[in-house]
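Single-structure report; data block below.
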Amino acid sequence: MSQRERSEYLRKIPKVDELLAAEEVQRLLRSHPKEVVLEGIRRGLEILRQDILGAERTEDLREEVFSLNHLLPLFEREIASQVSPHLRRAINATGVVIHTNLGRSPLGERALRRLVEVSRGYSNLEYDLSKGVRGSRYGHVEEILLRLSGAEAGMVVNNNAGAVLLALNTVAAGKEVVVSRGELVEIGGAFRIPDVMARSGAILKEVGTTNRTHLRDYEEATGEDTALLLKVHTSNYRVVGFTSEVTLEELVQLGERHGLPVMNDLGSGCFIDLSSYGLEKEPTVQEAIKAGADVVTFSGDKLLGGPQAGIILGKKELIDTIKVNPLNRALRIDKLTLAALETTLVSYLSEGEAIKEIPTLHMLTASLEHLRKKARHLKRLLKRETEGAQINMIQENSQVGGGALPLQDLPTWALSIKPSKAPVGALEAELRNLDPPIIARIANDQLILDLRTIQDDELKVVAQGVAQALRKIND
Ligand SMILES: *Cc1c(COP(=O)(O)O)cnc(C)c1O
């Protein structure tokens with residue numbers, strides 16, 4: 001294409017003023033703010049301009065690219081991309097219950113209602129209603145945390161990484177913290193115990209070896225500069241074979257002998273012993289407190305099944321010093337989180353209630369029979385789609401996720417789907433593009449939809465989505 005031809009084409013791009021006169025564009029202005037429509041038009045025209053600049057031959061540009069019929073869908077798309085939310089609900093069909101990339105724990109109905117209620121208007125967030133004076137943000141959850149855990153004092157911050165940072169900074173800045181080499185974990189998303197320790201101002205004193213650490217290792221490393229003995233739950237991995245670790249009880253005894261506090265980062269803390277539901281034994285929060293830990297930290301949105309939060313429990317004297325650390329202000333928890341956290345914690349007053357009300361616990365303890373029924377239901381809903389794909393009910397394994405119980409086998413029921421004409425990757429990608437997106441995984445060249453993490457009220461949407469995606473890729 002010659003330079004002259006190109007300039008001619010560029011001149012044909014409609015002017016914004018002309019476009020605004022068109023009835024179709026006026027219609028857009030009635031349903032969206034002017035700023036958004038103008039930006040949508042500007043972006044749409046820029047795409048057209050780039051198409052002209054990129055065209056090699058005049059034949060590549062058809063006359064109708066300048067027509068409103070062609071441009072309108074472009075404008076509509078560019079308008080939608082400005083106003084439709086980027087953070088959206090998604091359907092988790094992966095079977096990973098505490099899926100960090102998909103928002104970890106979904107909240108229960110009660111917690112959601114409280115969150116809306118508290119944040120719609122004003123609240124007594126930091127106001128003591130009985131005295132009419134300033135109150136404490138933590139007051140709302142401290143009492144119930146103490147009742148559930150048996151601890152002397154407690155507080156909550158933004159997340160567990162913050163809880164660990166704050167506790168280390170308060171107790172051990174400029175001094176040494178003794179940790180086993182077998183517990184220097186990386187959680188993912190760049191949370192590494194040694195790095196957090198460095199940022200807190202504490203000095204890491206690693207002891208033992210990767211697979212074996214003995215009490216004498218801690219003992220030998222303890223000296224004048226020691227401020228804290230730290231035990232970290234190896235959330236997302238296990239060292240198996242020839243191993244040896246020092247129990248929390250033993251560390252507490254050692255701490256007592258040397259007048260040193262002991263901290264336990266539990267990672268995914270839980271108040272319920274899940275081994276009574278056929279899951280592996282995880283140390284509970286109550287056990288860590290009972291063992292005598294001075295500080296215990298854990299997440300709000302892992303096994304606890306609440307909102308993102310970091311919970312700090314322990315001896316009153318220590319917790320009181322953590323509360324007044326100025327860093328605390330930078331990590332403080334917001335009212336939406338507090339509302340959801342308090343409601344989640346209230347569910348724990350009764351174990352049965354917690355399992356029923358808290359989606360994460362509900363999913364983790366779902367019976368195989370229940371999952372099989374759900375799989376059968378979904379398969380029935382998809383009956384008419386069997387021409388476009390091979391759909392079967394299969395037994396699979398779900399995962400706990402969130403760096404909890406990494407070796408746990410969670411037998412589940414799933415649907416495996418093999419599209420008849422297109423590659424399975426196309427189906428997986430198409431499902432991600434739906435609204436709401438459906439996130440699934442591929443195994444053995446088949447798409448796997450794990451029923452454990454698909455909520456009962458999502459079955460219809462999943463069936464419709466799969467049908468739509470299959471039609472699209474088989475076209
Ligand atoms: C997950 C985890 C953390 C970080 O908790 P967040 O709530 O993600 O900030 C810290 N320590 C351990 C052992 C963990 O498993």
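The values are calculated or read from the model by the stated rules, or taken from the named source; none is laboratory data. All figures in this text were calculated on a predicted structure; none of them were measured in a lab. Neighbour counts run over all protein chains shown; Cβ positions are idealised from the backbone, glycine included.
For region 222-233, a tally of residues being touching a Phe, Trp or Tyr at 6+ places or on another chain (Cβ under 9 Å) and within 12 Å of the ligand (Cβ to nearest atom) returns 1. Looking at 350, 398, 416, 367, can you tell me which residue is of a type in the set (Gly, Ala, Ser), free of Cβ contacts under 8 Å to residues at least 40 places away in the same chain and closer than 30 Å to residue 474 by Cα? So the residue among 350, 398, 416, 367 that is of a type in the set (Gly, Ala, Ser), free of Cβ contacts under 8 Å to residues at least 40 places away in the same chain and closer than 30 Å to residue 474 by Cα is 416.
Evaluated against (1) in contact with a strand residue (DSSP E or B) (Cβ under 9 Å, 6 or more places away or on another chain); (2) within 30 Å of residue 343 (Cβ to Cβ), residue 272 falls short on exactly one condition, (1). Might you let me know whether region 422-433 holds any residue that is in contact with a helix residue (DSSP H, G or I) (Cβ under 9 Å, 6 or more places away or on another chain) and within 16 Å of residue 372 (Cα to Cα)? So far as region 422-433 goes, no, none of its residues is in contact with a helix residue (DSSP H, G or I) (Cβ under 9 Å, 6 or more places away or on another chain) and within 16 Å of residue 372 (Cα to Cα). Screening region 279-291 for residues that are touching a residue at least 60 places away in the same chain (Cβ under 8 Å) and either touching a strand residue (DSSP E or B) at 6+ places or on another chain (Cβ under 9 Å) or part of a loop (DSSP other than H, G, I, E, B) (or both) and picking the one that is farthest from residue 364 (Cα to Cα) gives 289. Close Cβ contacts (under 7 Å, 6 or more residues apart or on different chains) running from residues in region 221-236 that are at pLDDT 95 or above to residues that are more than 16 Å from the ligand (Cβ to nearest atom) and assigned to a loop (DSSP other than H, G, I, E, B) comprise 222/260; 225/175; 226/175; 226/260; 227/175; 228/260; 228/261; 229/260. Taking region 63-102 as the range and being within 18 Å of residue 433 (Cα to Cα) and part of a loop (DSSP other than H, G, I, E, B) as the test, the residues that pass are 84, 85, 86, 87, 88, 89, 90, 93, 94. Quickly run through region 192-205 and pick out the residues that are within 16 Å of the ligand (Cβ to nearest atom) and surrounded by 16 or more Cβ atoms within 10 Å (Cβ to Cβ). Residues satisfying the conditions are 193, 196, 197, 200, 202, 204. State whether one or more residues within region 421-430 are buried (at least 16 other Cβ atoms within 10 Å of the Cβ), without any contact (Cβ under 8 Å) to a residue 40 or more places away in the chain and of a type outside the set (A, V, I, L, M). Yes; the residues of region 421-430 include at least one that is buried (at least 16 other Cβ atoms within 10 Å of the Cβ), without any contact (Cβ under 8 Å) to a residue 40 or more places away in the chain and of a type outside the set (A, V, I, L, M). Among the candidates 137, 113, 77, the residue that is more than 22 Å from residue 355 (Cβ to Cβ), among the basic types (Lys, Arg), over 16 Å from the mean Cα position of the chain (by Cα) and in the same structural domain as residue 338 (by TED's automatic domain parsing) is uniquely 137. Evaluated against (1) over 22 Å from residue 290 (Cα atoms); (2) part of a strand (DSSP E or B); (3) within 16 Å of the ligand (Cβ to nearest atom); (4) of a type outside the set (A, V, I, L, M, F, W, C), residue 236 falls short on exactly one condition, (2). Of 176, 250, 186, 219, all but one fail to be within 16 Å of the ligand (Cβ to nearest atom) and surrounded by fewer than 21 Cβ atoms within 10 Å (Cβ to Cβ); the exception is 186. Looking only at residues of region 279-301 that are among the β-branched types (Val, Ile, Thr) and in contact with a Ser or Thr (Cβ under 7 Å, 6 or more places away or on another chain), we find that the one that is farthest from the ligand (Cβ to nearest atom) is 289. Picking from 59, 35, 18, 8, which residue would you name as being within 26 Å of residue 435 (Cβ to Cβ) and part of a helix (DSSP H, G or I)? Only one candidate qualifies: 35. For region 147-170, what are the residues that are buried (at least 16 other Cβ atoms within 10 Å of the Cβ), part of a helix (DSSP H, G or I) and away from the ligand (no atom under 16 Å from the Cβ)? Listed by number, the residues that qualify are 148, 149, 170.
Just one of the numbered conditions (1) within 21 Å of residue 402 (Cβ to Cβ); (2) within 16 Å of the ligand (Cβ to nearest atom) is not true of residue 276: (2). Could we say that residue 418 is in contact with a Leu (Cβ under 8 Å, 6 or more places away or on another chain), of a type in the set (Lys, Arg) and in the same structural domain as residue 370 (by TED's automatic domain parsing) here? So residue 418 passes the test.
Selection of region 87-103 for residues being surrounded by 22 or more Cβ atoms within 10 Å (Cβ to Cβ) and within 16 Å of the ligand (Cβ to nearest atom) yields 97, 98. For region 1-48, the set of residues classified as modelled with pLDDT under 95 and basic (Lys, Arg) consists of 4, 6, 11, 12, 15, listed by residue number.
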